[in-house]
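Let me begin by presenting the structure, written as structure tokens, before commenting on it.
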Amino acid sequence: MNILITGASAGFGEALAKRLVEKGHQVIGCARRAEKLEALAQELGERFTPVVMDVSDTESIASALAKLPDDCRQIDVLVNNAGLALGTEPAHQASLEDWMRMVDTNIKGLMALTHAVLPEMVKRNSGYVINIGSIAGTWPYYGGNVYGATKAFVKQFSLNLRADLLGTKVRVTNLEPGNVGGTEFSNVRYHGDDEKAAQVYEGFKTMGPEDIADILVWLIESPAHVNVNRLEVMPVAQTYNGLTIAKD
Ligand code: NDP
Ligand code: 8X3
């Protein structure tokens, strides 16, 4: 099975690539940092094909897909994992540039790659699109403004894809993780401030990228007649905060 993973140079994508290669699958690992992908290719061997791609740039997607080796052209599973949060400021103090980058990556990038890959899946009447959403797409929290909104898009887009795919054997899942440490996510969100990034995970047991990779492997290897529409997962230490009232 050929599995294309975006954001394979770190975090969930890297952990998933390792698990899938161990299990004998063929992985096409995409990201912007060529050196990270090359290091992974050295480690994982011929089952891992590194592909430099910036999902926020449709030309980069098109040229990367056009250059895929022949034996990687059929994409059986697309894991739309590349994404980022930038900033935790409230909306009235947030950076417009950060907002635009999140939309370009988390929404437009995921849309463009899906648009490029889906027609062939439908033609073959088989395939699986797994989108990495977030609990932030369902549960609002302070400073989650545009990041959460991009993940709400990912959730509804996933559900609408399945609606369009009725009558085909193409599957779609939105995986919605909560707090997960051990990736670059928090460091990116805090613009490289390691101390603030680390504080997010202090004092409790969070999940790790391997936990998410295990869930993804389970989804990918689930029977072809079963479609998991949405799957929300959190560390036991995390739960909903409920509604809040600011008293005068
Ligand atoms: P990381 O920051 O560790 O990894 C993100 C990956 O996305 C990197 O490989 C990065 O590679 C890639 N990426 C970012 N921008 C682009 C781009 N424009 N084009 C191609 N690749 C890109 O984050 P996580 O592994 O933690 O997160 C993965 C996904 O999971 C994201 O969508 C995130 O929103 C979501 N998520 C994360 C949670 C968490 O708590 N960690 C919880 C819920 C959801 P490169 O820089 O080399 O391009
Ligand atoms: C990332 C999880 O809780 O930081 O999507 O929004 S959270």
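For the reader, a short list of remarks on this structure follows.
- A single entry from Gly45, Gly87 fulfils the requirement of being on the phi > 0 side of the Ramachandran plot and over 19 Å from the mean Cα position of the chain (by Cα): Gly45.
- Taking the conditions (1) more than 15 Å from Leu84 (Cα to Cα); (2) crowded, with 16+ Cβ neighbours inside 10 Å; (3) charged (D, E, K, R) in turn, Lys247 satisfies each one other than (2).
- The set of residues from region 133-174 being among the small types (Gly, Ala, Ser) and within 12 Å of ligand 2 (Cβ to nearest atom) comprises Gly133, Ser134, Ala136, Gly137, Gly143, Gly144, Gly148, Ala149, Ala152.
- The condition of being within 16 Å of ligand 2 (Cβ to nearest atom), surrounded by fewer than 18 Cβ atoms within 10 Å (Cβ to Cβ), within 19 Å of the chain's Cα centre (by Cα) and among the charged types (D, E, K, R) holds for only one of Glu210, Glu184, Glu202, that being Glu184.
- Summed over region 26-44, residues that are more than 7 Å from ligand 1 (Cβ to nearest atom) and free of Cβ contacts under 8 Å to residues at least 40 places away in the same chain total 12.
- Under the condition of being within 11 Å of ligand 1 (Cβ to nearest atom) and either in a loop (DSSP other than H, G, I, E, B) or modelled with pLDDT under 95 (or both), the residues counted in region 129-149 number 2.
- Region 150-165, residues that are in contact (Cβ under 8 Å) with a residue 12 or more places away in the chain, farther than 19 Å from Asn179 by Cβ and either small (Gly, Ala, Ser) or within 16 Å of ligand 1 (Cβ to nearest atom) (or both): Phe153, Phe157, Ser158
- Flag for Glu38 being assigned to a helix (DSSP H, G or I), touching a Lys or Arg at 6+ places or on another chain (Cβ under 9 Å) and either hydroxyl-bearing (Ser, Thr, Tyr) or at negative phi (or both): no
- Against the list (1) out of contact with any Ser or Thr (no Cβ under 6 Å at 6 or more places or on another chain); (2) under 21 Å from Leu78 (Cα atoms); (3) among the hydrophobic types (A, V, I, L, M, F, W, C), the condition Val172 fails is (1).
- Test for Ala82: is it part of a helix (DSSP H, G or I) and under 17 Å from Phe12 (Cα atoms): no
- No other residue among Phe157, Phe153 is farther than 14 Å from Gly87 by Cα, in contact with a helix residue (DSSP H, G or I) (Cβ under 6 Å, 6 or more places away or on another chain), crowded, with 16+ Cβ neighbours inside 10 Å and not small (Gly, Ala, Ser) apart from Phe153.
- Subset tally (residues that are among the aliphatic types (A, V, I, L, M), under 19 Å from the mean Cα position of the chain (by Cα) and farther than 25 Å from Arg162 by Cβ) for region 91-145: 1
The values are calculated or read from the model by the stated rules, or taken from the named source; none is laboratory data. The model shown is predicted, which means the values in this text are computed figures rather than measured ones. Glycine gets a Cβ as well: all are built from the backbone with ideal geometry, and neighbour counts include every protein chain shown.
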